[in-house]
Amino acid sequence: MKIKILGNSGAFPHNNPCSGYLIEGKKDKILIECGSGVVLKLKEHCSVDQLTCIIISHLHWDHLSDLMPLRYEVDYLQAEGRIKNPLPLYCPDEPREIYELLPYKNTLNIIAIDSDNTITLNELQIKFFEVKHPVKCFGINVFEQGEKKVCYSSDTEYFLTILNEAKGAHLFICESTALKKDEPQLTGHLSGPQAANIAKQAGVSCLGLTHFWPYYDSKKILEEARESCPDLKIVLLNPGDEITI
């Protein structure tokens, strides 16, 4: 299983695109999140007609905005005969006013997700768990043949369920929006040290930090996370990075 990082900015694109991650098995290509700037980065690795499905963890624009013009390309590729069926899109059905903006012609097969959903593809299996964010939001576990596990936190604050869901992950892709100084007033997001503490307690093999506040130095967030858990393998996930597990 390969994980390719397409974007890592929270809220809005700054030096990098917003959230976007391509997970590849031998036969499957899953785009998780489709924030601003992600589609151009995606095309450095694969074309839209090669995607098995798209998953959006929650309906905030920094996680879905590139999906809107992407629908036009799907429509074009359908007319060219390169895509025969609507592209599966898994996402929450709230907030309703945003969910209802997603359909366009016959480009997307939109499937609402909840914590009971399991998606079985060719060799990959996907499960969801609800996290704590101002809107309905789901973390994602991706399994390859029951042996390899990638856990993605999505946008969340600290709580016990995410610790349990991340247990044993070979790679834990975790949001680390903030610095330690922000923790007293932080809601709906994590600091680097908080992400590291979850990863340590969950016994993950590697913690990958992502979703940084655009005006923060991500190296400072990494430094704080490593100071909190010095024995844990922690890396920054930057656009262009590729991890194989």
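The values are calculated or read from the model by the stated rules, or taken from the named source; none is laboratory data. The structure displayed is predicted, hence computed values, not measured ones. Backbone-built Cβ (ideal geometry, glycine too); neighbour counts: all protein chains shown.
In the range 200-230, which residues are among the aliphatic types (A, V, I, L, M), part of a helix (DSSP H, G or I) and under 16 Å from residue 180 (Cα atoms)?
Restricting attention to the range 200-230, the residues satisfying the condition of being among the aliphatic types (A, V, I, L, M) are 202, 204, 207, 209, 221-222, 225.
From what is left, the residues that are part of a helix (DSSP H, G or I) are 202, 221-222, 225.
Listed by number, the residues that qualify are 221, 222, 225.
Do we have any residue at all in the range 9-27 that's in contact with a helix residue (DSSP H, G or I) (Cβ under 7 Å, 6 or more places away or on another chain), among the hydrophobic types (A, V, I, L, M, F, W, C) and outside any strand (DSSP E or B)? Yes, some residue in the range 9-27 is in contact with a helix residue (DSSP H, G or I) (Cβ under 7 Å, 6 or more places away or on another chain), among the hydrophobic types (A, V, I, L, M, F, W, C) and outside any strand (DSSP E or B). Could you list all residues from the range 182-196 that are in a helix (DSSP H, G or I) and either aliphatic (A, V, I, L, M) or within 20 Å of residue 9 (Cβ to Cβ) (or both)? Matches in the range 182-196: 182, 192, 194, 195, 196.
Is it fair to say residue 102 is in contact with a Ser or Thr (Cβ under 7 Å, 6 or more places away or on another chain) and of a type in the set (A, V, I, L, M)?
Details: in contact with a Ser or Thr (Cβ under 7 Å, 6 or more places away or on another chain): no; of a type in the set (A, V, I, L, M): yes.
No: the conditions fail for residue 102.
Screening the candidates 157, 147, 223, 183 for the property of being at pLDDT 95 or above, under 27 Å from residue 90 (Cβ atoms) and charged (D, E, K, R) yields one hit, 157. The residue pairs whose first member lies in the range 211-224 and is within 19 Å of residue 6 (Cβ to Cβ), whose second member is surrounded by fewer than 20 Cβ atoms within 10 Å (Cβ to Cβ) and of a type outside the set (D, E, K, R), and whose beta carbons are closer than 6 Å, counting only pairs six or more residues apart or on different chains, are 214/14; 218/236.
Of the residues 105, 148, 136, which is farther than 21 Å from residue 211 by Cβ, touching a His at 6+ places or on another chain (Cβ under 9 Å) and touching a residue at least 12 places away in the same chain (Cβ under 8 Å)?
On the way: 105 fails: touching a His at 6+ places or on another chain (Cβ under 9 Å); 136 fails: farther than 21 Å from residue 211 by Cβ.
Only one candidate qualifies: 148.
Note on the range 34-129: no enclosed strands (runs of 3 or more DSSP E) hold 3 or more residues that are in contact with a Pro (Cβ under 9 Å, 6 or more places away or on another chain) and surrounded by fewer than 14 Cβ atoms within 10 Å (Cβ to Cβ). The condition of being touching a Gly at 6+ places or on another chain (Cβ under 8 Å), crowded, with 24+ Cβ neighbours inside 10 Å and part of a helix (DSSP H, G or I) holds for only one of 162, 173, that being 162. Only one of the numbered conditions (1) closer than 17 Å to residue 30 by Cβ; (2) touching a residue at least 60 places away in the same chain (Cβ under 8 Å) is violated by residue 85, and that is (2).
Within the range 189-245, the set of residues being surrounded by fewer than 20 Cβ atoms within 10 Å (Cβ to Cβ) and of a type in the set (S, T, N, Q) comprises 197, 201, 205, 228, 238, 244. Of the numbered criteria (1) over 21 Å from residue 155 (Cβ atoms); (2) assigned to a loop (DSSP other than H, G, I, E, B); (3) not β-branched (Val, Ile, Thr), the one residue 133 fails is (1). Scanning the range 199-234 for residues that are small (Gly, Ala, Ser) and within 25 Å of residue 64 (Cβ to Cβ) turns up 208, 218.
For the range 193-223, the candidate set comprises residues that are under 15 Å from residue 158 (Cβ atoms) and of a type outside the set (A, V, I, L, M); within that set, the residue that is nearest to the chain's Cα centre (by Cα) is 211.
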